[in-house]
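FYI, it's all coordinate maths here, none of it is from the lab. These numbers come from a predicted model, not from an experiment. Cβ atoms come from the backbone with ideal geometry, glycine included; neighbour counts cover every protein chain shown.
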Ligand code: KIV
């Protein structure tokens, strides 16, 4: 089937994404941080944008996401929101800004007021009460499990998660708990493709994968990886600028390849 990437016609909402899951139509997400790329994402049909705390590494020159502050996030969420009127914008909550439900509410409010339509938090079942609290107060949440970079020291580095039966069972249980607690999207990072498939089939909310194989409802890549700006790119990423003639061409190819099920390929996937 041929797919063409087109500009978004109207604002993407959580209902749009739920319908995509129901209709088994894949959607896309790009982690990006500024107004011009946000505008280009809208024109090339990128349904969701993540203003990720990866900006610590991709933009600010840190070697992890841990030094990223609320002020960094607010500055970049505002820029992205100015550049894009149609994509659903998710704003990352930085390290230790949601350690308690009260702290989460205070900081999520600021991210929403900066122009995000959803906040993203990293962690498993321990976040259930925080997500319920935010959801009840009108703040949509994307829960991020698997490889959670803010916990890199606890995880012992950037490693694939969920490879043992016990770890896989915990991640599946976490996914169900977080979905039931009111999360609107589940982001799965660096987990085996079969586990991502099992989780995607087990929950009603859309899943977005990165290094999680081809069976999630959506894919996310960091714009620096899409455009070949990462000196040592991760296995799960692809430089789409190699075959495209310009940046809009690279984003368009990414969108088309995700929707057609061409990206990710087996070489981008973990077993
Ligand atoms: O911060 C980020 O950009 C992310 C993605 C890599 C999923 O969390």
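Things to note:
- Order of 210, 205 - criterion: other Cβ atoms within 10 Å of each residue's Cβ, fewest first: 205, 210
- Normalised by the number of residues in the stretch 84-235, the mean separation of alpha-carbon contacts (under 8 Å, six or more apart) gives a relative contact order of 17 percent.
- Relative compactness, the chain, computed as alpha-carbon Rg over 2.2 N^0.38 Å: 0.91
- Per residue, the convex hull around the alpha carbon atoms of the stretch 1-135 comes to 125 Å³.
- Solvent-free Debye scattering, log10 I(q)/I(0), computed from the Cα coordinates of the stretch 82-234 at q = 0.09, 0.14, 0.21 Å⁻¹: -0.28, -0.69, -1.44
- Cβ-Cβ FRET estimate between residue 43 and residue 113, R0 fixed at 30 Å, reported to 0.05: 0.70
- Cα centroid separation, the stretch 247-270 to the stretch 30-76: 20 Å.
- For 238, 43, 22, order by how many other beta-carbon atoms lie within 10 Å, fewest first: 22, 43, 238
- Relative exposure of 117, 76, judged by other C-beta atoms within 10 Å (fewest first): 117, 76
- Centroid-to-centroid separation of the stretch 169-195 and the stretch 199-226 [C-alpha atoms, Å]: 11
- Overall, the ratio between the Cα radius of gyration of the stretch 146-189 and 2.2 N^0.38 Å, rounded to two decimals, is 1.21.
- Fully extended contour minus Cα-Cα distance, from residue 202 to residue 11, at 0.36 nm per residue: 66.0 nm
- Rounded to the nearest 0.05, the FRET efficiency derived from the C-beta distance between residue 60 and residue 153 at R0 = 22 Å is 0.70.
- Gyration tensor verdict on the stretch 227-269 (Cα atoms; rounded if a/c is under 1.5, prolate if a/b is larger than b/c, oblate otherwise): oblate
- Square roots of five times the Cα gyration tensor eigenvalues for the stretch 189-245, Å: 25, 11, 8
- Length available on full extension from residue 70 to residue 82: 0.36 nm per residue minus the Cα-Cα distance, which gives 2.5 nm.
- Cα-projected label distance for residue 19 with residue 129, points at 7 Å along beta-carbon direction, nm: 3.8
- Stretchable slack from residue 173 to residue 242, in nm (0.36 nm times residue separation minus alpha-carbon distance): 20.9 nm
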